[in-house]
Amino acid sequence: MITAVMGNFGVGKTYWIKQQIKENNDDSYYFSPQTQTFPIDGAFLQSFFPDLSITDLESPTELLKLAQKNDIYVEIPEYLDLKAILPLLSALNCQKIAIVSKDENQQKWQGLADKIIVNQEVIIKDNLNSFSNLQIHRAGLTQEVVDFASLETFWQELTQGAYGDILRAKGIFNIMDGQCVYGEYLHNGYNPEFYPLNLSLSLEGRPTHFSGLEIIGCNLEKQAIADTLGDFCLEDSAVYFYQQQVKESLGEL
């Protein structure tokens, strides 16, 4: 079975898919068009379900063949033109789910989705739903290790408007004690605190799993964001030092 999930930024598409995978407990695949080079949501889901397969198949024929024995969840990024993606969804003959916030005008999704699910915990103002004036900024951080105290300071500055008007931000970060943490922010929404993902500690060299930051907003100071991130990414000697400390505390030295 193929289920396509659509909705505006921050409404909980990935969390809804996470819940479905948890409840169904079957072999599942995840596919999100045009995100292969920056798979932040797929990496988030795989931290909970290591057996979840991320596919980059874009051929309807191949996806339909895969769906004969597996559940496939297709998450539609909010920045994609829905009209352009509809031919693919029609070819897949999939169930189309729209996740909306409790105060959102649902008219946009009527006729596009087979089912509309209201997330009562999220507030999205209608004047923020258009992407005509919004910018998307991404920073790939795979193999980078960051100082956690500096990350917290940057995150607080970011969400309070120091780098522009932030509507949505989410990131996966490797920190110096070997953990990988996840943080997300939604204007008028989520608690912006970080929490560790269920991944093995990275204590040998630089981590290889995906990490990165995605920001959606207006008037973004992209160069300032890049410069600040670069300031608290650790050099090899610092990464080695912290890894040795953690291994010593775990009795591995």
Conditions (1) at pLDDT below 85; (2) closer than 17 Å to I2 by Cα; (3) under 22 Å from the mean Cα position of the chain (by Cα) -> L86 fails only (3)
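Out of all the residues in segment 164-182, is one or more hydrophobic (A, V, I, L, M, F, W, C), outside the structural domain of Y79 (by TED's automatic domain parsing) and farther than 30 Å from D51 by Cβ?
Step one: of segment 164-182, the residues hydrophobic (A, V, I, L, M, F, W, C) are 166-167, 169, 172-173, 175-176, 180-181.
With the extra rule that they be outside the structural domain of Y79 (by TED's automatic domain parsing), the set shrinks to 166-167, 169, 172-173, 175-176, 180-181.
So of that shortlist, the ones also farther than 30 Å from D51 by Cβ come out as 166-167.
Taking every residue of segment 164-182 in turn, at least one turns out to be hydrophobic (A, V, I, L, M, F, W, C), outside the structural domain of Y79 (by TED's automatic domain parsing) and farther than 30 Å from D51 by Cβ.
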Note on segment 34-65: residues farther than 24 Å from H209 by Cα, surrounded by fewer than 17 Cβ atoms within 10 Å (Cβ to Cβ) and free of Cβ contacts under 8 Å to residues at least 40 places away in the same chain are S59, T61, E62, K65
Matching residues in segment 8-37 (more than 14 Å from the chain's Cα centre (by Cα) and small (G, A, S)) number 1
Selection within segment 72-83 - acidic (D, E) and crowded, with 17+ Cβ neighbours inside 10 Å = E75, E78
Would segment 217-235 turn up any residue that is more than 30 Å from L186 (Cα to Cα), within 27 Å of the chain's Cα centre (by Cα) and in the same structural domain as G178 (by TED's automatic domain parsing)?
-> yes
Hey, does segment 186-209 have a residue that's within 24 Å of G12 (Cα to Cα), hydroxyl-bearing (S, T, Y) and in contact with a Phe, Trp or Tyr (Cβ under 9 Å, 6 or more places away or on another chain)?
-> yes
Odd one out for H209 among (1) buried (at least 17 other Cβ atoms within 10 Å of the Cβ); (2) closer than 22 Å to F49 by Cβ; (3) under 17 Å from the mean Cα position of the chain (by Cα) = (1)
Of the residues that make up segment 142-154, is at least one over 20 Å from G12 (Cβ atoms) and modelled with pLDDT under 90?
-> no
Residue within segment 196-211 that is at pLDDT below 95, of a type in the set (A, V, I, L, M), out of contact with any helix residue (DSSP H, G or I) (no Cβ under 8 Å at 6 or more places or on another chain) and closer than 24 Å to G42 by Cα present | no
Qualifying strands (runs of 3 or more DSSP E) (wholly inside segment 157-253; at least 1 residues being farther than 17 Å from L141 by Cα and without any contact (Cβ under 8 Å) to a residue 40 or more places away in the chain) = 180-186, 194-196
Taking D26 and the conditions (1) within 30 Å of N133 (Cβ to Cβ); (2) touching a residue at least 24 places away in the same chain (Cβ under 8 Å); (3) of a type in the set (D, E), which numbered condition does it fall short on, given that it satisfies the others?
-> (1)
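The values are calculated or read from the model by the stated rules, or taken from the named source; none is laboratory data. Since the structure is predicted, the reported quantities are computational estimates derived from the model, not experimental observations. FYI the Cβ positions are ideal-geometry reconstructions off the backbone, even for glycines, and counts take in every protein chain you see.
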